[in-house]
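The values are calculated or read from the model by the stated rules, or taken from the named source; none is laboratory data. Treat the numbers as computed from the prediction; the structure is a model and nothing was measured. Neighbour counts run over all protein chains shown; Cβ positions are idealised from the backbone, glycine included.
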Amino acid sequence: MSFSTSDRFSALDPKDRDRLEALAKLDEFKAGQEILTSGKPVEWLYLIASGGVDICAGAVTLVSLRAGDLFGELASFAELPEGIRHVAREDTIVRVVPKNPLLQELKAHRSLATGLLSVYCRSISEKLRATNEVLAQLGPVNFSRPPPPLQPGLPAGARARHLSAEESAWLQMLGVRLDVEDGSILVAEGDTTRSFFVIEAGVCEVRKHVAGGEKTLATLGAGDLFGFMAFADGKPRSASVVAAGAVQVSRIDPDALDKALHLNFTVGFKFLGTLCGVLGRTFCDTARAVIANS
């Protein structure tokens, strides 16, 4: 398994895959060996060539990675909570790329920069899905999406939103504005649609079917996103989102990235970076909830 042959990188230009491969070297870890731990610098991007790696929170396994999976990308977008470790599940061989030389390649080759961010979006989304499932099994706890870093000017106890006003405004430009009635289902659990949504005004509830019925997991408001995991990884919706009163949203469809890149590189790069940031912060908050409830 290499950057040149991995299906995960198949959408990248062959020359960009070769650039990654030229930077890579092989490393090996024995079963049970700790590879990464929160609080320490992450200087490499890892592609598992063979074997497997578990992302653990204390004694709980959040994600089980296998050959073809990435790790190390999360640290570029969020600070991993204390107690998160990446441990070799068995004897494991990885291809590693040093992040500083990689950064120079990304600056020099725009197609590699946007292509790699797309790969990161999918990779982080898959980790988030797995971690959500772990938290759901712990019992009746809230495993909703997290706030981003604290925003200045918020009253005490207020929850920061996914997006700043600026981020929300330019994402809305890529979408279609919808006025939604109370009780309307914007996305349905199990659906295979891939649009995601920015809430402009009003409140939505995230609901999931659990043993005994349906549970409300989170309440979202203006400046929040939902549906972004399906957009990133193409997998079915993990929960439903329902309008709790009249709501105004912008729907961003699966071709939004193409639209952004057509405008210019900066918009496309910013689009992907924003999505990676939201996914990364959400993963970290969900991991914290697992630690707190296990």
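Wholly within the stretch 1-94, which strands (runs of 3 or more DSSP E) include no fewer than the required count, namely at least 1 residues that are touching a Pro at 6+ places or on another chain (Cβ under 8 Å)?
44-50, 52-57
Can you tell me which residue within the stretch 170-193, out of those that are touching a Phe, Trp or Tyr at 6+ places or on another chain (Cβ under 9 Å), at pLDDT 90 or above and within 22 Å of K235 (Cα to Cα), is surrounded by the fewest Cβ atoms within 10 Å (Cβ to Cβ)?
L186
Just a yes or no: is a residue in the stretch 251-260 of a type outside the set (S, T, N, Q), free of Cβ contacts under 8 Å to residues at least 40 places away in the same chain and in a helix (DSSP H, G or I)?
Scanning the stretch 251-260 turns up at least one residue that is of a type outside the set (S, T, N, Q), free of Cβ contacts under 8 Å to residues at least 40 places away in the same chain and in a helix (DSSP H, G or I).
I'd like to know if the stretch 108-131 contains one or more residues that are assigned by TED's automatic domain parsing to the domain that holds D18, in a strand (DSSP E or B) and crowded, with 19+ Cβ neighbours inside 10 Å.
no
Report, by residue number, each residue of the stretch 3-20 that is of a type outside the set (S, T, N, Q) and over 14 Å from L106 (Cα atoms).
Selection gives F3, D7, R8, F9, A11, P14.
If G72 satisfies every condition in (1) free of Cβ contacts under 8 Å to residues at least 12 places away in the same chain; (2) closer than 23 Å to G280 by Cβ but one, which is the exception?
Only one criterion is unmet by G72, namely (1).
Just checking, which of T216, T266 is free of Cβ contacts under 8 Å to residues at least 60 places away in the same chain, surrounded by fewer than 18 Cβ atoms within 10 Å (Cβ to Cβ), of a type in the set (S, T, N, Q) and within 28 Å of G115 (Cα to Cα)?
T266
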